[in-house]
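The values are calculated or read from the model by the stated rules, or taken from the named source; none is laboratory data. These numbers come from a predicted model, not from an experiment. Every residue, glycine as well, gets a Cβ built from its backbone with ideal geometry; the counts of neighbours run over all protein chains shown.
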Amino acid sequence: MSLLTIVQGAVNRLGLPPLSAVVTSTDTTAVEMQALAQAEGKELAARAEWKILTKEQVFSATNAAAQAGGLPSDLGWIIPETLFNRTLRRKFSGPLNQEEWQYIQANLTTLVWPAFRVRGTSLLITPSPSAGDIIAYEYVSNQWCQSSGGTPQSAWGDDSDTALIDEELHTLGLIWRFKKAKGLDYADDFRIYDLQVRQAIYREGSRPKISTDPSFRLSRHGADALAAARGDIILSDDGAGLMWD
């Protein structure tokens with residue numbers, strides 16, 4: 001499905017006059033639908049760590065706090081607990097907030113474990129890594145649609161553009177947003193939409209979270225006791241924990 005078919009599907013269900021174009025049309029409904037489709041795409045993409053939007057960023061570090069090339073141009077947000085220094089095999093803590101970062105700088109504090117902060121268009125790391133260290137993390141892209149030729153985009157630009165997230169969700173989103181914009185009752189439409197979105201997020205599946213904290217390693221006896229008490233933990237023979245989100 002394309003932007004055009006998504007909008008046409010919403011228009012048909014709303015009982016509105018059919019549309020043959022969206023982006024190039026001056027029809028009031030088409031103009032409204034395009035604006036609502038933009039809002040829907042952006043907000044839907046921000047609701048979850050969609051697999052289709054998940055990417056990996058790998059770069060070579062510089063010996064400075066600000067890392068050139070550390071942030072991709074399509075960054076939505078960094079997925080928590082995925083940033084690692086692969087060279088040193090160390091996990092970064094963070095992201096640090098403004099107060100934490102400034103406290104570290106003002107107190108000339110050197111952290112035992114590295115930490116990061118995103119400020120503006122810069123990825124900041126403390127302590128500064130060695131030049132050439134390989135840094136990597138996963139992130140959610142803000143490019144939630146693509147051109148007919150497959151070029152990722154962060155906004156609709158043509159009727160032939162296609163959505164990367166389930167098109168039906170976009171259609172349902174257009175329906176309740178249009179009714180809300182017109183001052184109509186949209187409660188049932190939003191309920192159906194929200195349920196479908198939640199189910200789609202659920203179908204994305206839960207992912208295991210591997211604890212890299214050495215303190216989480218237990219004796220075999222302690223590991224067995226913890227595993228028995230917590231249904232979200234699986235333990236290996238050496239006591240290493242595999243914790244499920």
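Those residues that are in contact with a Lys or Arg (Cβ under 7 Å, 6 or more places away or on another chain) and either closer than 17 Å to SER60 by Cα or of a type in the set (S, T, N, Q) (or both), I need them from the range 84-134; list them, please.
Once the filter is applied, which keeps residues that are in contact with a Lys or Arg (Cβ under 7 Å, 6 or more places away or on another chain) and either closer than 17 Å to SER60 by Cα or of a type in the set (S, T, N, Q) (or both), the range 84-134 yields PHE84, PRO114, LEU124, ILE134.
Taking the stated definitions as given, is VAL58 in contact with a Leu (Cβ under 8 Å, 6 or more places away or on another chain) and in contact (Cβ under 8 Å) with a residue 60 or more places away in the chain?
No; evaluated as a whole, the condition is false for this residue.
Six or more apart or on different chains, Cβ atoms under 9 Å: show the pairs whose first residue is in the range 123-142 and free of Cβ contacts under 8 Å to residues at least 24 places away in the same chain and whose second is assigned to a loop (DSSP other than H, G, I, E, B).
PRO127/ALA65; PRO127/THR110; PRO127/LEU111; PRO127/PRO114
All but one of (1) part of a loop (DSSP other than H, G, I, E, B); (2) in the same structural domain as HIS170 (by TED's automatic domain parsing) hold for MET33; which doesn't?
It fails just one condition, (1).
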